[in-house]
Amino acid sequence: MHRVILFRLVLFFPLITLFVWTLSLQYTILYGNSVTVAVTGYDPRDLLSGHYLSLTPDWTNTDCSQFEKNKCPKTDFETRYRFYISEDIAPQLEKLINQLRPEMSLEFSYHNHHPAIRSLLIENTPWQEWYDAKKQ
């Protein structure tokens, strides 16, 4: 009887842990404070990683008043983020970004010193809307 209980615990523990972790990430994304961090970046097109923009936070152009004590919490954020773009759009988006050099930023959900990316903004517009407007 104890073996059956132990077997069930060993079997379901990873599933329960994954479920709780996923819920905590979703909670952070949905209910965290929305903050915007200016970024610089490029599209390296790594064949192993897929199509993405490699973005580096630009703290000199970020409004730090949106954070506690009007101070940017640089240590809470990574030094580089990857924002994945679908394969069919990435080359055109890269070309537009390289030609126009627009102002770019990442919108984060920031809760308990844990940032989670919500979206990429180009000229304060969601990237898909900006791309659709520029490709016409």
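The values are calculated or read from the model by the stated rules, or taken from the named source; none is laboratory data. Remember, predicted model here, so these are calculated numbers, not experimental data. Neighbour counts are summed over all protein chains in view; Cβ atoms, including those assigned to glycine, are modelled from backbone coordinates with ideal geometry.
The condition (being free of Cβ contacts under 8 Å to residues at least 12 places away in the same chain and either buried (at least 16 other Cβ atoms within 10 Å of the Cβ) or of a type in the set (F, W, Y) (or both)) is satisfied by just one residue among F83, F67, F13, F77: F13. Pairs meeting the criteria (first residue in segment 86-99 and closer than 11 Å to Y131 by Cβ, second residue at pLDDT below 80 and exposed (fewer than 13 other Cβ atoms within 10 Å of the Cβ), beta carbons under 7 Å, at least 6 apart or on different chains) are Q92/K135. Screening segment 97-136 for residues that are surrounded by 14 or more Cβ atoms within 10 Å (Cβ to Cβ) and of a type in the set (A, V, I, L, M) and picking the one that is farthest from I85 (Cα to Cα) gives A116. Any residue at all in segment 81-95 that is of a type in the set (A, V, I, L, M, F, W, C) and within 30 Å of W21 (Cα to Cα)? Yes, because at least one residue in segment 81-95 is of a type in the set (A, V, I, L, M, F, W, C) and within 30 Å of W21 (Cα to Cα). One residue stands out in segment 100-121 among those that are free of Cβ contacts under 8 Å to residues at least 60 places away in the same chain and touching a Leu at 6+ places or on another chain (Cβ under 9 Å): the one that is nearest to D58 (Cα to Cα), namely P102.
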